[in-house]
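Beneath this line is the structure, given in structure tokens, with notes to follow.
The values are calculated or read from the model by the stated rules, or taken from the named source; none is laboratory data. A quick note: this is a predicted structure, and the numbers were derived from the prediction, not measured. Every residue, glycine as well, gets a Cβ built from its backbone with ideal geometry; the counts of neighbours run over all protein chains shown. The protein model used for the area step is the full one, side chains on, heavy atoms only, and it has no ligands, DNA or RNA in it. Shrake-Rupley method; radii C 1.70, N 1.55, O 1.52, S 1.80 Å.
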Amino acid sequence: MTPTTPSLKDAAREQARLGRMVRIEPLAREPEVVAAVDAAYADHQGTIFAVAVVLAHDGFELLESSLVAARTQFPYIPGFLSFREAPPLLRALGGLETPFEAVLVDGQGIAHPRSVGLASHLGVLLGLPTIGCAKKRLVGNAAVPGPEKGSFSTLEVKGERVGVVLRTRTGVKPVFVSPGHLVDVDSARRVVLNWVGRFRIPEPLRAAHNLAARYSKALTPLLARNP
DNA sequence: GCGACAG
DNA sequence: ATCTTGTCGC
């Protein structure tokens, strides 16, 4: 196979192309089953462990998980995270057999320099609703939301409402929620809040994150023996 | 030129 | 993201 490593110029061009395909619209129904993706990195040879999980809203039960281990093909550059994580994450999602209604992503949706964060990028390629839920801000300005769980403030970029800064737990640092594809800001906010358990990060993303970390620790020694 | 900067 | 134990607080 021929490793594909686009230049930043080409990457930005690809984002512009995908950006034209992003659709922001309210989600018709509250998802009963969602997927979530996250990645962990191992020290050795730039290995990335991409994980996709499927959970049922009822009891936040983990229905299925999928793992993909690969070599990173792109460095981490703010604004271009998709070119590093989207390929393995898409493969992980492709390994799922359980049907899901939306995907929660650890990163931004349209709250991005070119309006195509990882969540939007994945959404367009999947043709499914995706929601970005990041722990930090990439772009945009927002007021500090109220201290109670559920409070939120508008995240805007050049006068555009691209997301919300949402308090998922009382007194805890808020998260940055923005629509990826086929959802709007309000739908994205509601979905994230509906999938929050007793922690700051929504359960599906926690499950994906924990699994990725576990796989990384457990498999890194094996990869060192079998390069 | 000087900061800011998802994971 | 990752390197890393205990510790302070609700």
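Observations
- Placing a pseudo-label 7 Å from each Cα along the Cα-to-Cβ vector at A:L63 and A:H44 gives an inter-label distance of 3.5 nm.
- Calculated on alpha-carbon atoms, Rg and Dmax of the range A:1-82 in Å: 16.7, 45
- Which listed pairs, of A:K135/A:K217; A:K9/A:K173; A:K9/A:K158, have C-alpha distances above 26 Å, in listed order: A:K9/A:K173
- The spacing between the range A:1-42 and the range A:168-227, judged by their C-alpha centroids, is 16 Å.
- Measuring with a 1.4 angstrom probe and ignoring ligands and nucleic acids, A:F199 comes out at about 80 Å² accessible.
- Helix screen, chain A: no DSSP H segment has Cα axial length of 18 Å or more and mean Kyte-Doolittle hydropathy at least 0.0.
- Spacing of the modelled spin labels on A:F199 and A:L223, each 7 Å from Cα toward Cβ, amounts to 2.2 nm.
- Choice from A:L89, A:L118, A:L193 showing the highest fluctuation, given a GNM over chain A with Cα pairs closer than 10 Å: A:L193
- Using equal-weight Cα scatterers in the Debye expression, the normalised intensity of the range A:33-219 in log10 at q = 0.10 Å⁻¹ is -0.35.
- Residues considered: A:V175, A:V144, A:V185. Largest GNM mean-square fluctuation over chain A, using C-alpha springs under 10 Å, is found at A:V144.
- Among A:I131, A:I110, A:I77, residue whose mean-square fluctuation peaks in a GNM of chain A (springs only between Cα atoms under 10 Å): A:I77
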